[in-house]
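The values are calculated or read from the model by the stated rules, or taken from the named source; none is laboratory data. As the structure is a computational prediction, the values presented were derived from the model and not from experiment. Every residue, glycine among them, receives a Cβ derived from its backbone with ideal geometry; neighbour counts consider all protein chains shown.
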Amino acid sequence: MTIEALNQLLQAPTENEHLEFKEAKNNFHFDTLVKYCCALANERGGKMILGVSDKPPRRVVGTTTFKSPGRTKTGLIERLHLRIDMEEVAHPDGRVLVFHVPSRPLGMAIQVNGAYWMRRGEDLVPM
């Protein structure tokens, strides 16, 4: 993702079932990432972006979490059985992580720990 494409996403008026922003400056729990990726997959895919303020006006704050992209991607595949691409964007204001989450397979909802997650407004809730 280019810096220009990221800046365009930052202009979105609200988060939605296909787009989620989190500051995650110093840490972000892996289980929480898994649940958000599950919800995005269940809503036909989307992007989870870490290192960005989640309230407008959004700005890049940078993140130091998930320093081993290969390990993070492997963990997501093991938990969700989906290939989720993780991309680091070197923005002038800090490191940003973009998780490109594909849609779930047709007719099969994704679950984590027995719950099928989805977004309701800005909240993460079980179906």
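Within the stretch 34-55, being farther than 12 Å from residue 16 by Cβ and out of contact with any Ser or Thr (no Cβ under 8 Å at 6 or more places or on another chain) holds for 34, 35, 36, 37, 38, 42, 48, 49, 52, 53, 54, 55. So residue 71 ticks every box in (1) closer than 18 Å to residue 11 by Cα; (2) more than 15 Å from the chain's Cα centre (by Cα); (3) not polar (S, T, N, Q) but one. Which box is left unticked? Result: residue 71 passes all but (1). Selection of the stretch 91-110 for residues being touching a helix residue (DSSP H, G or I) at 6+ places or on another chain (Cβ under 8 Å) and under 12 Å from residue 3 (Cβ atoms) yields 91, 92, 96, 98. Within the stretch 1-41, the residues that satisfy the criterion of being among the hydroxyl-bearing types (Ser, Thr, Tyr) and over 11 Å from the mean Cα position of the chain (by Cα) are 2, 14. If you go through the stretch 71-123 and keep only what is without any contact (Cβ under 8 Å) to a residue 24 or more places away in the chain and β-branched (Val, Ile, Thr), you end up with 74, 77.
Condition check ((1) modelled with pLDDT of 95 or more; (2) of a type in the set (Phe, Trp, Tyr); (3) over 14 Å from residue 28 (Cβ atoms); (4) more than 12 Å from the chain's Cα centre (by Cα)) across all residues:
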{"site": "52", "(1), (2), (3), (4)": "yes, no, no, no"}
{"site": "89", "(1), (2), (3), (4)": "yes, no, yes, yes"}
{"site": "93", "(1), (2), (3), (4)": "yes, no, yes, yes"}
{"site": "99", "(1), (2), (3), (4)": "yes, yes, no, no"}
{"site": "103", "(1), (2), (3), (4)": "yes, no, yes, yes"}
{"site": "107", "(1), (2), (3), (4)": "no, no, yes, yes"}
